[in-house]
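Participant: First the structure, then my questions, so here it is.
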Amino acid sequence: MKGKRVLLLTLVGLVSFLSGGWLLQQGTSRAGNVYQQARLFDDVLGYVADYSVDSISAGELYDLAIDGLLEQLDDPYARFLRREDFERLTESTTGNYGGLGIRIDVRDGWITIIAPIVGTPADEAGLETGDRIIAVDGESTFGWKSDQAVDQLRGPAGTEVRLRVARPGFTEAIEFTVERANIHINAIQLATVLDEDVAYISLVQSSIGESLTRELEDEVERLTEEGATALILDLRRNPGGLLDAGVDVSDLFLDPGQDVVSTRGRARGMSDLYEARHRQRWPDLPVVVLVDGGTASASEIIAGAWQDHDRALIIGTPTFGKGLVQTVFRLGEMQALRLTTARWYTPSGRTIQRVRERAAVDVLIAGQVADSAEAVAVAAVDSSQVYLSDGGRLLIGGDGIRPDLVVSPDTLTTVEQEFWRALGAQLPVYRDVMTSYALELKADGGITDPRFEVTDAMRAEFRRRLREREVEIPDELLRGARLLVDQQLAYEVQRYVFGRESESRRRMESDAQIQKALELLREARSVPELLALAESQAEVSRTP
């Protein structure tokens, strides 16, 4: 018992020391030594454990103390990672988990397969886009949330799961027994050739993880062999990931010895300079990088390094502005501490950190950041934050990576905004109706051309189904938002009838930022020409 007490005092002493003595009692000096602070914390812990009106275990008390300590730090990214958090972190950085290999969403109350991942157990078993998983191991999935479905479908490799699936066009459910495997999620969402010779690679909502450099290198090699002579790398809504991975990706398009990023921290070993080490394989390949308010962390390292060295043209809106390095310290089995340990700077010396409250950081970590007025607006230039690229181009530090050419995404018209407000809480039903209709069109087999257009008959049927589900939208708003509704319905039908890549291609046709990148790459087929052309257009846009 005495040994346990000594251990307890040692632990609480460490907590009190790290917290700077924030746990105080009347009559105790803040300057008291560590032992006194440990005794104080031990007394407080004992009184709370014995006399609090609510029963709290010692383990829970320590959890509260740890969380309280980290909350008091001026570090919005500091967090104690428990088992579930640690598992999510491991998955995001490695792309590995045990499961079936499917992307799912909830539609019309049912778990619906958005797409099976090629080569996974789900794909090999014959599961298809649009299948509704109506039972897992004999239990109905109606009303399940996505998180609940993920928990049930994932598991150790080698274990089996029984699925009951409703498929469009089939009158009876189909039974599948699928053996789970170790799944690797590729960071690259889409890699294809546009306009016959422009490679497009999407890292939208992906993680900059351990395997990305190899995947990106393989895809660029494949696409250039197919005839691509320019590259668009889409980093919009990319929340970043590992510092080392961001450095390695940057290295692909830099020369040996060129700086990628530097870090500056207080503790030993936290300040470093990272340089490119390998010779470029595609030194003459013009590169356009797309960014927005959701581009953060390691993805900003890539954009910042290429921008500073005049290696790529950055198009879009200002990035999130996360110029801080987090280190993950392992604390036993499946536990860790994430702590900000350094700031990072682009090769020209820019810091891109934007001051934010913890709530905004939580949104980034959840992957929900989107473009906003803050991200689109370009603030007045602070003369103390002006830097130069290798070629002498003007660069601005702070407030994220500012694009070389600001291109805002398309915005909703006034009528379309009114339409969304009128939908309000009915939005999930609206989406369910759209998906159900798309699945029926797939089952009917009447749409065979990927270039199909939404017809008057399709519009009328969709409106009828909305009324049937009691989604009441004034006719004048539906007419005013017709183009928006047509576009969304076309995307949904495209996804379920022709697949995710076909849907992505259709979306790109109306994506202002992608279309601007293609326009520039049609005119300029070298990096200097590309940068000069964009600079001339930027000057015109700034002229009153």
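The values are calculated or read from the model by the stated rules, or taken from the named source; none is laboratory data. Given the structure is predicted, the values throughout are model-derived calculations rather than measurements. Counting neighbours? That spans all protein chains shown, and the Cβs are built from the backbone with ideal geometry, glycine included.
Participant: Pull up segment 132-177, narrow it to residues that are at pLDDT 90 or above and among the hydroxyl-bearing types (Ser, Thr, Tyr), then point me to the one that is nearest to LEU441 (Cα to Cα).
Facilitator: THR141
Participant: If I ask for residues that are among the charged types (D, E, K, R) and surrounded by fewer than 16 Cβ atoms within 10 Å (Cβ to Cβ), which ones from segment 110-148 would you list?
Facilitator: GLU124, ASP137, GLU139, LYS145, ASP147
Participant: Look through VAL471, VAL497 and report the one residue that is outside the structural domain of ILE114 (by TED's automatic domain parsing), under 20 Å from THR129 (Cα atoms) and surrounded by 15 or more Cβ atoms within 10 Å (Cβ to Cβ).
Facilitator: The conditions single out VAL497.
Participant: Those residues that are part of a helix (DSSP H, G or I) and over 23 Å from THR413 (Cβ atoms), I need them from segment 440-481; list them, please.
Facilitator: Passing the criteria: GLU440, LEU441, LYS442, ALA443, ASP444, ALA457, GLU461, ARG464, ARG465, ARG467, GLU468.
Participant: Of the residues ASP147, ASP137, ASP131, ASP151, which single one is outside the structural domain of VAL493 (by TED's automatic domain parsing) and within 21 Å of GLU501 (Cα to Cα)?
Facilitator: Going through ASP147, ASP137, ASP131, ASP151 in turn, just one is outside the structural domain of VAL493 (by TED's automatic domain parsing) and within 21 Å of GLU501 (Cα to Cα): ASP131.
Participant: Taking the condition modelled with pLDDT of 95 or more, surrounded by fewer than 17 Cβ atoms within 10 Å (Cβ to Cβ) and within 27 Å of the chain's Cα centre (by Cα), does LEU235 pass?
Facilitator: Working: modelled with pLDDT of 95 or more: yes; surrounded by fewer than 17 Cβ atoms within 10 Å (Cβ to Cβ): no; within 27 Å of the chain's Cα centre (by Cα): yes.
So LEU235 fails the test.
Participant: Among the residues that make up segment 501-517, is at least one of them of a type in the set (Gly, Ala, Ser), in contact with a Phe, Trp or Tyr (Cβ under 8 Å, 6 or more places away or on another chain) and buried (at least 18 other Cβ atoms within 10 Å of the Cβ)?
Facilitator: No, there is no match, as no residue in segment 501-517 is of a type in the set (Gly, Ala, Ser), in contact with a Phe, Trp or Tyr (Cβ under 8 Å, 6 or more places away or on another chain) and buried (at least 18 other Cβ atoms within 10 Å of the Cβ).
Participant: In segment 131-154, how many residues are under 19 Å from GLY119 (Cβ atoms) and not in a helix (DSSP H, G or I)?
Facilitator: Result for segment 131-154: 2.
Participant: ALA173 fails exactly one of the following numbered conditions: (1) hydrophobic (A, V, I, L, M, F, W, C); (2) within 16 Å of ASP108 (Cβ to Cβ); (3) crowded, with 16+ Cβ neighbours inside 10 Å. What is the number of that condition?
Facilitator: (3)
Participant: Any residue at all in segment 199-210 that's farther than 23 Å from ARG343 by Cα and free of Cβ contacts under 8 Å to residues at least 12 places away in the same chain?
Facilitator: no
Participant: Please enumerate the residues belonging to segment 455-478 that are in contact with a helix residue (DSSP H, G or I) (Cβ under 9 Å, 6 or more places away or on another chain) and among the basic types (Lys, Arg). Let's see the steps before the verdict.
Facilitator: First pass over segment 455-478, keeping only residues in contact with a helix residue (DSSP H, G or I) (Cβ under 9 Å, 6 or more places away or on another chain): 458-459, 461-463, 465-466, 468-478.
Selection gives ARG459, ARG463, ARG465, ARG469.
Participant: Sticking with this one: Can you tell me which residues in segment 316-340 are part of a loop (DSSP other than H, G, I, E, B) and of a type in the set (Lys, Arg)?
Facilitator: Selection gives LYS322 alone.
Participant: Another question, then. Quick one: which residue in ARG500, ARG495, ARG506 is modelled with pLDDT under 90, over 22 Å from ARG393 (Cα atoms) and under 22 Å from the mean Cα position of the chain (by Cα)?
Facilitator: Going through ARG500, ARG495, ARG506 in turn, the sole match is ARG500.
Participant: Also, I was wondering about something else. How many residues are under 25 Å from LEU520 (Cβ atoms) and hydroxyl-bearing (Ser, Thr, Tyr) if we restrict to segment 181-223?
Facilitator: 4
Participant: From the list LEU489, LEU484, LEU530, LEU520, pick out the single residue that is within 16 Å of PRO409 (Cβ to Cβ) and surrounded by 15 or more Cβ atoms within 10 Å (Cβ to Cβ).
Facilitator: LEU484
Participant: Give segment 286-300 a look and list any residue that's outside any loop (DSSP other than H, G, I, E, B) and within 21 Å of VAL406 (Cβ to Cβ), or say none.
Facilitator: VAL287, VAL288, VAL289, LEU290, VAL291, SER299, GLU300
Participant: Cβ-Cβ under 9 Å, sequence separation 6+ or interchain: first residue in segment 49-66 and of a type in the set (Phe, Trp, Tyr), partner surrounded by 10 or more Cβ atoms within 10 Å (Cβ to Cβ). Which pairs?
Facilitator: Matching pairs, first to second residue: TYR62/LEU11; TYR62/VAL12; TYR62/VAL15; TYR62/LEU45.
Participant: Further, regarding this structure: Do we have ILE188 as at pLDDT 95 or above, over 16 Å from ILE301 (Cα atoms), under 17 Å from the mean Cα position of the chain (by Cα) and not aromatic (Phe, Trp, Tyr) here?
Facilitator: Taking the combined requirement at face value, the residue does not satisfy it.
Participant: Still on this model: Could you grab the pairs with beta carbons closer than 6 Å, sequence gap of 6+ or different chains, first residue in segment 106-131 and in contact (Cβ under 8 Å) with a residue 60 or more places away in the chain, second one of a type in the set (Lys, Arg)?
Facilitator: Pairs found: THR112/ARG132; ILE114/ARG103; ALA115/ARG103; ALA115/ARG500; GLY130/LYS442.
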